[in-house]
Number of protein chains: 2
Amino acid sequence: MKQNEQNTTSYSFDENDWNRAAYTDIEKFIYDCLIQAGADHKSADAVARSLVTTSLRGVDSHGIRLLPHYIKTLQGGRINGKPKLTFQSLAASTGTVDADHGFGQVAGYRAIDEAMAIADKNGIGAVTVINSSHFGAAGCYSLAAAEQGYLAIAICNSDKFVVAHDGIEPFHGTNPISFAAPIIGEKPYLFDMATSSIPWNRVLQYGLIDRPLPSDVAIDDQGNVTTDANQTNALLPLGGAEFGYKGAGLAGMCDVLSAVLTGMSLSHAMYSFTGPDFSKHRHLGQFFIVMKPEAFIPTEMFDAQLKAYLQALRNQPAKEGARVLAPGDREWAVEEQRLKQGIPIDQAVWQIFSQLAKSLDVAPLQPVSGTVENNVIDSK
Amino acid sequence: MKQNEQNTTSYSFDENDWNRAAYTDIEKFIYDCLIQAGADHKSADAVARSLVTTSLRGVDSHGIRLLPHYIKTLQGGRINGKPKLTFQSLAASTGTVDADHGFGQVAGYRAIDEAMAIADKNGIGAVTVINSSHFGAAGCYSLAAAEQGYLAIAICNSDKFVVAHDGIEPFHGTNPISFAAPIIGEKPYLFDMATSSIPWNRVLQYGLIDRPLPSDVAIDDQGNVTTDANQTNALLPLGGAEFGYKGAGLAGMCDVLSAVLTGMSLSHAMYSFTGPDFSKHRHLGQFFIVMKPEAFIPTEMFDAQLKAYLQALRNQPAKEGARVLAPGDREWAVEEQRLKQGIPIDQAVWQIFSQLAKSLDVAPLQPVSGTVENNVIDSK
């Protein structure tokens, strides 16, 4: 083990210096921790699935590193670990999942299941979630539908970090939009973007190591564009200072669909993810649309045309030293590697996981070296 | 009349130098020209409605200046002026309008009508259009639904002008995404964006007057970012050289929903808008989703929450000399002015309109001065 439990100043940004663990072990570890902290089976299962799916694909910001936060929200009472989810429909092709202040993940997967059931019957289904909380990466839910042969859109809003166009104070969240489509015999097409250029996390990370931010992604408290993470007051929307009305408009669409249409918290009025109060419910909303391709066109035609599009995209002439990738390509390649070699866990997170294991009386995570042995490389 | 029919070198970029005409007169003029060129009543009506709605709101690139192009496509045979539109449903909440190679506008408004009818019954409806052509501004259709109390998304793809992320050749269209929501007693919330930072038109305009483009919106034929319009080979997606994978992903979603899901032309394989052949059908697809707010939440709650969001947005502290606007605010202000003062028509377009009047034996457009007299300022 390379991590040093006593001394986090030896923190390395190089993944090669980190411990790795098999995703199945991590999934079990997360599940066990959540159960010990008071979650029911369904909640623990949904959170473990979402975090591991996300980390496997290399989206570490929304992956397993969130476990300690989730434990805190569970122990503080913000999250109801044993929610009674209910589903109500006001129309034949719409519905609303009441998350009962449980984990956003349980409600998110439930909403996608309900939307798929509606799409099976009527071709398209839209499901909102109310009384929810943080649900991890939006892509988890569109992916879950695409893996079963559906087109899906997943949208939510989030804590305010991003200015309105021409604004100088945080107003919108990094409000993500995710879109996924099924491909027969292949990993789904999966697009998942924040409506800012960079996530707030990156500001924090770059601030720690005094690394300059990209130009045109952040502003200081006077509203001037800055590359100094430590002077950053807010993010600019995608499109930067000049074309940020586009990113801001997309973020607005997310607020309208996930908060206005649900009666839940708008980004600018949302109680903070990071507390300090971990007993208050956050009243988040989420929004999902699921469609069955064959409700529009024969499945084989849809599949052939999507494959033709992706082939043309990947064959595009690229600028020097680059290759044109389709949405998801980079992440699926990371997943393939992490399925074999385990998921790298940075030293700070490994240390917190060790502490969690002790405090929750759970078997600690074991690091792997080389490739993951006895690990079925399935089509997860 | 300030325009000079013989000498277009006196062209002025200042709207104050242009003729203006009442929108009702322009709508009638467009209608008459299309009828004389062989369109049926419904087609002429839909095109006139779309172009005037768009120009009234100041989106001149997609407004009345398109009339001569549409006449050319009608006379060339690309467009069927008397299409027999059909509507087929493969599921209870989806459907497809076959545009029969007519104007995209007739099919677009029809698709929105069908989607509203489905939403009335089932809460949400998704309608695709096949065998279509250019439909003007995507916002026309989401607006048409929002004006009647519905949430709507309108998406299409278009001629290739935009590189894939890290690509060097045009691949995607400027593929627009439009989203609109109803507001009781007010103009709808209307967001309508291209997934590139700037439209291709701007490259052409700036090239003519040697004006530099914004940084990070266009590339030359080597794939290097350029601000020289005359060296521009393609547009970058929204997000520019570094974050363009987001704009490109959104453009890809438009291609998947409007072309893959319909079996119609992908952006990169689409026959060019500008010809030279105006007899070939273009086989375009379009995609619409319409939702009834009350299928999710009581109308009054939706309305109150949307108004609260917009009030908070418009009250955001702004950078010096700016004001934070909501999507559509600028365009609705232009509409208010143009309803009163007429729509400005640049000299080149005025001259072409005069020629069209002669060649099609239609009464020429009359300019107005001062405010539009006898013009009912309705809630159009």
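Quick notes
- Each of A:ALA138, A:ILE118, A:ILE64 was placed along the dipole of chain A (beta-carbon charges, centred on the mean Cα), and the one lying farthest toward the positive end is A:ILE118.
- With the charge dipole of region B:127-278 set up from +1 on Lys and Arg Cβ and -1 on Asp and Glu Cβ about the Cα centre, the Cα lying farthest toward the positive end among the listed residues B:VAL127, B:TYR271, B:VAL203 is that of B:VAL127.
- Base-10 log of normalised Debye intensity for region A:21-68 (one unit scatterer per alpha-carbon) at q = 0.23 Å⁻¹: -0.72
- What the phi angles of region A:69-80 give under the Karplus curve with 6.51, -1.76 and 1.60, with θ = phi - 60°, is a coupling list of 4, 5, 4, 4, 5, 6, 6, x, x, 4, 9, 7 Hz, glycine and proline written as x.
- For the protein assembly as shown, the share of DSSP beta bridges that are antiparallel, to the nearest 5, is 85%.
- Every Cα-Cα pair in region B:169-292 was counted, and those over 24 Å apart are 39% of them.
- When the convex hull of its Cα atoms is projected in every direction, mean area for the protein assembly as shown (nm²): 31.5
- The value of relative contact order for chain B, using C-alpha pairs under 8 Å at least six residues apart, is 22 percent.
- Pseudo-label separations to other copies for A:ARG211 - Cα-to-Cβ vector, 7 Å, nm: 3.9
- When the solvent-accessible area of region B:223-341 is split by element, carbon and sulfur atoms take up 48 percent of it, the probe being 1.4 Å.
- Axis proximity, chain A to B: residue whose C-beta lies nearest, plus whole-Å distance: A:SER93, 2
- Inter-copy label distances at B:ALA363 (7 Å, Cα→Cβ; nm, one decimal): 8.9
- With every protein chain in place, region B:17-169: carbon and sulfur % of accessible area (1.4 Å): 47
- Cα gyration tensor shape of region A:39-152, rounded if a/c is under 1.5, else prolate or oblate by comparing a/b with b/c: oblate
- Nearest-20 debye value, region A:94-173 charge dipole, Cβ charges on Lys, Arg, Asp, Glu: 100
- Global form of region A:143-206, assessed from the alpha-carbon gyration tensor, a/c cut-off 1.5: prolate
- The equivalent ellipsoid that matches the C-alpha gyration tensor of region A:275-380 spans semi-axes of 38, 25, 17 angstrom, in descending order.
- Counting only other chain Cβ atoms within 10 Å of each residue's Cβ, the peptide B:260-270 averages 5.
- About its Cα centre, the dipole of region A:274-355 is roughly 140 debye, where the only charges are +1 on Lys and Arg Cβ and -1 on Asp and Glu Cβ.
- Phi angles across region A:148-155 convert, under the Karplus curve 6.51 cos²θ - 1.76 cosθ + 1.60 with θ = phi - 60°, into 3J(HN,Hα) values of 9, x, 10, 7, 8, 10, 10, 9 Hz, Gly and Pro given as x.
- Student exercise, the protein assembly as shown dipole from Lys, Arg, Asp, Glu Cβ charges, in Debye to nearest 20: 840
- Sites A:ASP228 and B:GLN355 - FRET efficiency at Förster radius 56 Å, r taken between beta-carbons, to 0.05: 0.45
- Buried surface for the A/B pair, taken as the accessible area of each chain alone minus that of the pair with a 1.4 Å probe, is close to 6400 Å² in total.
- Teacher prompt: B:THR274 distances to equivalent labels in other copies, 7 Å Cα→Cβ, nm: 5.0
- With R₀ fixed at 41 Å, the C-beta to C-beta distance from B:ASP14 to A:ALA304 puts the FRET efficiency at about 0.20.
- Think of a 1.4 Å ball rolled over the protein heavy atoms: region A:275-380 then has 50 Å² of accessible area per residue.
- Unit charges at the beta carbon, dipole of the protein assembly as shown: most positive-side option, B:THR371, A:LEU213, A:LEU284: A:LEU284
- Ellipsoid equivalent to chain A - semi-axes via the Cα gyration tensor, in Å: 29, 26, 25
- Solvent-accessible area lost in complex, 30 Å² minimum, residues of region B:88-114 relative to chain alone, 1.4 Å: B:LEU90, B:ALA91, B:SER93, B:THR94
- Cα gyration tensor shape of region B:224-319, rounded if a/c is under 1.5, else prolate or oblate by comparing a/b with b/c: oblate
- 3J(HN,Hα) from dihedral phi, region B:102-117, Karplus parametrisation 6.51/-1.76/1.60, rounded to Hz, x for glycine, proline: x, 4, x, 5, 4, 5, x, 5, 5, 4, 5, 4, 5, 5, 5, 5
The values are calculated or read from the model by the stated rules, or taken from the named source; none is laboratory data. This one's a predicted model, so the numbers in the text were calculated from it and none came from an experiment. All Cβ positions, glycine included, derive from the backbone under ideal geometry; neighbour counts span all protein chains shown. Each accessible area value is taken on the protein alone, full model and side chains, heavy atoms only, with ligands, DNA and RNA left out. Shrake-Rupley method; radii C 1.70, N 1.55, O 1.52, S 1.80 Å.
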